[in-house]
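Worksheet: the structure to be examined is printed underneath.
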Amino acid sequence: MNLTKPQLQNLLNRIIPMLPPKDRERLAEAPQLNCVFVDRQKGRLLNRTFRGHDYATDVLSFAPIESGSIGELVFCTPVLKRQAKQHRLSPKNEFLYLFIHGILHLLGYEHEKSDKAAKRMYRLQDSIFAEILGRRVEKTRAAARHRKKKARKNGARNRTLRRKK
């Protein structure tokens with residue numbers, strides 16, 4: 001991905017007003033956000049080291065280690081590009097979706113602890129994504145992914161869910 005600091009700042013500035021007031025305040029108190037782009041090998045190493053999963057994942061979020069920072073987002077570019085094709089999104093829009101996802105994680109939102117928390121996070125993530133793109137998203141890729149994970153746990157077969165245009 002070839003994004004400049006002003007482009008990332010512009011994205012963040014577009015996302016902030018769509019967040020709940022408490023989250024906007026939190027970002028105002030810690031306005032710095034670090035974004036890092038890595039290859040598949042480094043993404044796999046980081047995911048294995050910090051999450052115990054031996055595969056490269058799309059985005060990892062790390063809590064801040066310095067004051068004035070909300071944290072760090074690490075994007076695995078090859079995974080991001082592969083998922084963009086799978087989800088029929090441009091790499092830019094896939095990045096936007098993952099950028100929103102990572103920011104929400106840094107603000108304390110979770111999708112792996114409970115269905116209620118997942119629905120809350122995905123609802124906010126999807127509404128921000130749709131608002132920025134200027135369109136309604138019927139079935140989102142995050143909600144679809146969550147349903148697939150849940151189905152796998154219950155032994156069901158995976159089924160591809162497509163976004164309605």
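The values are calculated or read from the model by the stated rules, or taken from the named source; none is laboratory data. Computed from a prediction, not measured in an experiment: that's the story for all the values here. All Cβ positions, even for glycine, are placed from backbone atoms using ideal geometry, and neighbour counts span all protein chains on display.
Descriptive notes on the structure:
- Residues in segment 68-115 that are under 16 Å from Val36 (Cα atoms), over 11 Å from the mean Cα position of the chain (by Cα) and charged (D, E, K, R): Glu72, Lys81, Lys92.
- Any chance Ser69 is loosely packed, with under 13 Cβ neighbours inside 10 Å, of a type in the set (Ser, Thr, Tyr) and either touching a strand residue (DSSP E or B) at 6+ places or on another chain (Cβ under 8 Å) or within 23 Å of Gly134 (Cβ to Cβ) (or both): no
- Count of residues meeting criterion [buried (at least 20 other Cβ atoms within 10 Å of the Cβ), in contact (Cβ under 8 Å) with a residue 60 or more places away in the chain and farther than 20 Å from Ser69 by Cα] in segment 88-126: 1
- Unique residue being in a helix (DSSP H, G or I) and either at pLDDT 95 or above or under 16 Å from the mean Cα position of the chain (by Cα) (or both) when the list is Ala151, Ala118, Ala56: Ala118
- Selection of segment 59-77 for residues being at pLDDT below 95 and not in a strand (DSSP E or B) yields Ala63, Pro64, Ile65, Glu66, Ser67, Gly68.
- First in segment 58-80 and under 16 Å from Asp23 (Cα atoms), second anywhere and among the β-branched types (Val, Ile, Thr), Cβ under 7 Å, 6 or more apart: Pro64/Ile70
- Residue pairs meeting the criteria (Cβ under 6 Å; at least 6 apart or on separate chains; first modelled with pLDDT of 95 or more, in segment 24-43; second assigned to a loop (DSSP other than H, G, I, E, B) and surrounded by 15 or more Cβ atoms within 10 Å (Cβ to Cβ)): Arg40/Ala56; Gly43/Ala56
- Pairs where the first residue, in segment 1-23, is modelled with pLDDT of 90 or more and assigned to a helix (DSSP H, G or I) and the second is of a type in the set (Asp, Glu) and surrounded by 14 or more Cβ atoms within 10 Å (Cβ to Cβ), C-beta under 7 Å, 6+ apart: Met18/Glu131
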